[in-house]
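What follows is one structure encoded as structure tokens, with my remarks underneath.
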Amino acid sequence: MSTTFYQEILETDLAPLETLLTQWRTTHEALAKLPRRVRDEMLKPLRDKGYWEGAAAPYAWRMIDDIERQVDSATKVAKAAIGVIEDALGEFKAVKKDLQDAVRRAQEKGVFIQASGVAATTVFNGRCKEIAKDSPEAKAIEAAQREINDIVRRGIAADRNMAFALMSDIGLGQWFNPNPGHSSIDTTNRIRTRTRCARARARTRWAGTGSPAAGRATASTTTATR
């Protein structure tokens with residue numbers, strides 16, 4: 001068990017994630033209205049005027065169609081991201097509460113849980129003592145440690161699955177993903193190992209600098225809310 005994860009689960013403020021969820025909802029609401037506006041106010045007049053002629057005309061028509069598809073894809077990505085973040089946030093809150101309850105139950109039974117999340121093996125009921133193997137005290141300590149470890153692993157899995165689900169939904173390409181496949185953190189087992197490794201490398205490469213996809217999402221938020 002990583003002691004860092006134990007401490008982070010108990011100490012991390014989830015308010016920024018709740019703020020992010022609110023921002024994604026706002027973005028999706030704005031984007032949901034955008035395709036009709038783009039189609040009616042921008043693309044339809046371009047098509048109706050009909051002066052796309054010459055060698056560049058096919059390229060111009062493809063670009064017009066691409067704009068419409070990208071707006072639609074951005075809306076799908078925003079909707080999927082909302083589901084992933086909402087699901088992850090609920091799991092993070094549940095894990096934190098379960099961990100707090102597990103520590104409380106252990107302490108009520110006399111087990112001393114250190115700040116690192118490790119159950120002390122030489123302290124019981126507030127006193128230092130030699131604890132015999134297979135004694136009731138030893139079994140209580142082992143049971144408490146197993147429960148804490150299992151809960152921490154749930155938190156690690158939720159954190160990892162949220163990251164991979166969002167990366168998968170946003171995609172690694174230059175364009176918005178037209179088929180985001182995750183609306184929760186429970187479907188990342190469908191991601192192939194090779195794809196998962198590529199996204200892990202991308203996360204490392206973009207850490208601290210902001211990903212191109214994240215930049216696109218920010219730009220979309222600004223555009224959609226105007």
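The values are calculated or read from the model by the stated rules, or taken from the named source; none is laboratory data. Here the structure is a predicted model, which means the values were calculated and not measured. Methodologically, a virtual Cβ is constructed for each residue, glycine included, from the backbone with ideal geometry; neighbour enumeration extends over all protein chains shown.
The table for this structure:
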quantity	calculated
Matching residues in region 65-113 - criterion: being part of a strand (DSSP E or B) and of a type in the set (F, W, Y)	F112
From V95, V77, residue being surrounded by 20 or more Cβ atoms within 10 Å (Cβ to Cβ), closer than 25 Å to R37 by Cβ and touching a residue at least 60 places away in the same chain (Cβ under 8 Å)	V77
Options G110, G90, G54; residue that is modelled with pLDDT under 95 and surrounded by fewer than 17 Cβ atoms within 10 Å (Cβ to Cβ)	G54
Qualifying residues in region 161-176 (those that are among the aliphatic types (A, V, I, L, M) and in a helix (DSSP H, G or I)) - the one surrounded by the most Cβ atoms within 10 Å (Cβ to Cβ)	A165
Residue satisfying all of: in region 130-179; closer than 27 Å to L89 by Cβ and polar (S, T, N, Q); modelled with the highest pLDDT among these	N149
Filter result (in contact with a Gly (Cβ under 6 Å, 6 or more places away or on another chain) and more than 23 Å from A165 (Cβ to Cβ)) within region 81-135	F124, N125
Failed item, numbered, when H182 is tested on (1) over 26 Å from E11 (Cα atoms); (2) in a helix (DSSP H, G or I)	(2)
